[in-house]
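What follows is calculated from the coordinates using simple rules that are stated; it is not laboratory data. Being a predicted model, the structure only gives us computed values, none of them experimental. So basically every Cβ, Gly included, is an ideal-geometry build from the backbone, and we count neighbours across all protein chains shown.
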Amino acid sequence: MYDPIVRQWACQMRGLCCKGYDIHLDRVALSRVFKRLTAAGDARAPLFDPATAEASDDGFFPLPLTAERACHFLEDKLCGYRGHFGAETLPTPCRVYPYASILTPTRQLLGLIFTCPTALGLLAAEPALAVVVDPDGEPPMPFVGDLASDRRAYVDAHGERVSAAAFWDLHWALFERFRASAGAGDVLSRLRALAEHAFDAPCPEPLALTAESLGETRFDAALTGQIFLRGGSPFLLPTLFEPRRPRPLDEPLPDYERGEDDLLGRYLEHRLLVPTFLEERADLGFLVGLLLALAARYRIERARGLEPLYAIHQLDAVFVQGTMPERLFPAGGRVDWRTVAMIGLGGTL
Ligand code: SF4
């Protein structure tokens, strides 16, 4: 099951995804590359030696980069590793980007990651989200997130344990509800209605934030007090607002013709259809909280001066390829959807 832009995507061989990104490898991927390079007598093997490589805080190993922050194997915008050593030991992020895939008990869900400008152009050009169901289809990639197992803990938006089948039924109902609301109000009111349905509680009244306060993170005592009064907590604000420089692209992003309300709506529908966030936690409260956080961060990026498409690019860099989701709503704690709703749902786009 896929958004049709998945089938439309084709690599334009820009080589953009192999430089400037922090690509993370697990120890097995690192060892495979090390062994393959050692066997080939390649001088780059020591860079991948698991005995000396240093893991970052999350336990993964950053792909070694050159002084220009490019992969050591990037050759004239193409992957030299794949060319010389084959795809068998190519790390998963290199093999699957920019596809995103989730395996559920009944479906393989396929989408794209929008840090790729080609994927972003397809999102911007697509007039409305369609969902293609192809029972005999050959997916363009193996699944990455296997969320079909009954051994995982599945929880609904109220934190109650549910079966895998019930979880994915609930997920599908949320997606259908959000998609059906297209055209019935602006994207922020649609998102508000979705959150109120999922959490079965009214959203707190959004804060009236100016572009200055959003862009420069100026939360004075009065605003902080308002967050407390409305049942939120300002403690997640440093994470939500943390600066992350947008990744420079060496070409302009494509034009888009419809309004940004429509663009953000399409983006959120896509992220809800292929919920990559759930790879870490099969938790519907976490998913809906993150949709609200995406809207909040979108407003922040716009207030900081990013153009709409560039802001979507940045959202996937921060939320899909970055570690914002887990840091914003750490496992084991309550998903503070109220605070992100207060920031994300105020104003208009
Ligand atoms: S190994 Fe290949 S695909 Fe992966 S970052 Fe390097 S050049 Fe790109």
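In region 307-339, which trypsin sites (Lys or Arg not before Pro) are in a loop and have at most 12 other Cβ atoms within 10 Å, using DSSP for the loop call?
334
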Quiz item: If you build the Cα gyration tensor of the chain and take the root of 5 times each eigenvalue, what three semi-axes come out, in whole angstrom, biggest first?
Solution: 34, 23, 21
Quiz item: Say a paramagnetic label sat at a point 7 Å from the Cα of residue 193, along Cα to Cβ; which residues of region 128-155 have their backbone N under 17 Å from it?
Solution: 129
Quiz item: Each residue of region 69-78 in turn: what ³J(HN,Hα) in whole Hz from Karplus with 6.51, -1.76, 1.60 and θ = phi - 60°, glycine and Pro shown as x?
Solution: 6, 10, 5, 5, 9, 5, 10, 6, 6, 10
Exercise. Kindly rank 54-63, 259-268 from highest to lowest mean number of other beta carbons found within 10 Å of each residue.
Key: 259-268, 54-63
Quiz item: Against the longest alpha carbon principal axis of the chain, how many degrees, from 0 to 90 and to the nearest 10, is the axis of helix 27-39 turned?
Solution: 20
Quiz item: What's log10 of I(q)/I(0) for region 154-344 at q = 0.09, 0.17, 0.18 Å⁻¹, Debye sum over Cα points only, no solvent?
Solution: -0.31, -1.18, -1.33
Quiz prompt | Separation in nanometres of the label points that stand 7 Å from Cα toward Cβ, at residue 107 and residue 257 | solution = 2.8
Self-check item: Karplus-derived 3J(HN,Hα), 6.51/-1.76/1.60, for each residue of region 256-264, Hz, glycine and proline x
Solution: 9, 9, 8, x, 6, 4, 5, 4, 5
Quiz item: Going 7 Å from the Cα of residue 210 in the Cα-to-Cβ direction, what parts of region 302-321 have a backbone nitrogen less than 20 Å from that spot?
Solution: 302-306
Practice problem: Would you please give the residues with an amide H less than 5 Å from that of residue 100, counting only those at least 5 places away or on a separate chain, with H modeled from the backbone geometry? | Solution: 111, 112, 113
Self-check item: Spin-label zone in region 107-145 - amide nitrogen under 17 Å from a point set 7 Å from the Cα of residue 279 along the C-beta vector
Solution: 108-116, 140-145
Quiz item: Based solely on its DSSP helices, what 222 nm [θ] is calculated for the chain when runs of n ≥ 4 H residues each add -39,500 (n - 2.57) and the sum is averaged over all residues, nearest 500 deg cm²/dmol?
Solution: -11500 deg cm²/dmol
Practice problem: Return 307, 257 ranked ascending by Cβ neighbour count within 10 Å, so the fewest neighbours appear first. | Solution: 257, 307
Exercise. Provide the gained length on full extension for the span residue 348 to residue 67, in nm with one decimal, where the gain is 0.36 nm per separating residue minus the Cα-Cα distance.
Key: 96.9 nm
